[in-house]
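As structure tokens, the structure follows; a few thoughts come after it.
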Amino acid sequence: MVFTSHIFVFYFLPLCLLIYYALPRPAKNLFLTVASYAFYGWWKPWFVSLMMISTVVDFIAARQISAAGASPRRRKLALIASMVTNLGLLGVFKYAGFFQGNVNWLLESFGSTGFNVMEITLPIGISFYTFQTMSYTIDVYQGTAAPVRRFSDFSCFVALFPQLIAGPIVRYNTVAKQLADRRHTLDRFASGVSLFILGFAKKILLANPMGIIADFAFGSDHPGALTAWLGAVAFAFQIYFDFSGYSDMAVGLGRMLGFEFPKNFNAPYQADSITDFWRRWHISLSTFLRDYLYFPLGGNRKGARRTYLNLAIVMLLGGFWHGAYWQFVLWGAYHGALLIGERLIGKKAFYARLPRSIRIAVTFCLVVISWVPFRADNLTEAMQYLGCMFGLLNNGPAAALAGAEILALPSLLMTGICAAFVLFRTQAWDFAAKITWSRILVLLALFGLALGTMCAQSFNPFLYFQF
């Protein structure tokens, strides 16, 4: 189930809120767990069993780690069990096909016969909830989190439907006290409704039209340079409004239920360097990789060369986390190289002396280039599209049609509107912080327009479902 569907908006959410607020406090977490499992299993019910496996293993592992008198060996074995289970689930369901395909390629290169590659359905959100449960076990092992007492609280934390499918990645420490006791106020609920509406509007009114433009460009045969650039810019806007909109909806839903989740985006296209971009984009993933991978590898404490190696490893694995394809590895390598380049000159861009507006524009162009392998179906298509952007390939027969569609006034106007929104100083988070009558009128108009558009749209993908 997705947030931008009539089933969720008209049936699931109203019914969930009515029952939740009618129940006594002790029953609220149990109800949220059941509702979240129904939400997650709506598409394929058997996916629920995988989430339950991860939940049970990490709950038991944390109890073993924190048990009175537990030996260092016992604690370490419990942590290993947690890591093997979660990474094993990811390995089987997300990366098995990738490794089998590459082994086949090697075998066939040397004249051998490959074997049949298993077709495995990728469970939605598995990258997010395995990271969350793993972070809990690691925090308990390191002594930075107290083990949860009740299984019902922990299962609620893992399954909580607002952030289950695509984050933000919520660490147990962030919501531990809220799971036990949280305040439900009218102001918090109103702020949550506002943030949900703004995220909903981002997705329906901005991300989806940009996705149509991007599909025209990436689906054409060798588009012209201008068309290719505009298509890549359209995808940059699509993925931002799609993912940040979903994060806004998740945080808004959390507030409706009394939870406060961390902010996941902070105007990333206003960044003036790649280092600054990664402080603003998908913040929950960036901090997760920093705390659980970069710092354990040594961070910047073991000399310059080791720092550069650590950055490269983190970004490569960050790219691979997004998808089991070589183009995601290229995306991670590209960002890793840019971060290392900025680190070489003191955590600033080589264009740091330019006016801020120019720095933002250059950073945006560098990021747009990086989105090409992220959007392309495979590495070959990514390289061909980049060649089109820089005028290295001749136009194909479909290029004129794609160019006419993308350069049409409605497409250019929509792209301009998105550009204006990403440069606004006031973000959705700020707008929802204080509710006034004028803002209520704006929100009602936006929600009505977005709902009408949603019902009329046939194109309503969610990009991060594939991760």
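Read the figures in this text as sums done on the coordinates, not as results from a lab. Computed from a predicted structure; not experimentally measured. So basically every Cβ, Gly included, is an ideal-geometry build from the backbone, and we count neighbours across all protein chains shown.
Quick look at the numbers
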| quantity | calculated |
| --- | --- |
| Cβ-defined net charge surrounding Leu87, 15 Å radius [Lys, Arg +1; Asp, Glu -1] | 0 |
| Average Cα contact separation per residue, the range 6-182, under 8 Å, 6 or more apart, as relative contact order % | 29 |
| Rg followed by Dmax, in Å, when the range 266-423 is reduced to its Cα trace | 17.5, 54 |
| Stretch gain in nm, segment Ile435-Ala68, where the contour uses 0.36 nm per residue and the Cα spacing is subtracted | 127.2 nm |
| Span-rule helices in the chain, defined as complete DSSP H runs reaching 18 Å or more along the axis (Cα) with Kyte mean at least 1.0 | 47-66, 186-201, 356-375, 409-423, 437-456 |
| Separation of the Thr453 and Ile345 label points, Cα + 7 Å toward Cβ, nm | 3.9 |
| Relative contact order of the range 245-346, pairs being alpha-carbon contacts under 8 Å that are 6 or more residues apart, as % | 18 |
| Kirkwood Rh in Å, taken over all unlike Cα pairs in the range 6-182 | 18.0 |
| Inter-site label distance for Ala420 and Ser152 at 7 Å from Cα along Cβ, in nm | 5.1 |
| Difference of contour (0.36 nm per residue) and Cα-Cα distance, Val56 to Leu226 | 56.0 nm |
| Cα-based convex hull, the chain, per residue volume (Å³, whole number) | 173 |
| Cβ charges +1 (Lys, Arg) and -1 (Asp, Glu), total dipole of the range 6-182, debye | 720 |
| Length released on extending from Leu17 to Ala96, taking residue separation times 0.36 nm less the Cα-Cα span | 24.5 nm |
| Net dipole in debye of the chain [+1 Lys, Arg Cβ; -1 Asp, Glu Cβ; about Cα centre; nearest 20] | 2040 |
| Förster radius 30 Å - calculated FRET efficiency between Val34 and Leu407, Cβ distance, rounded to 0.05 | 0.05 |
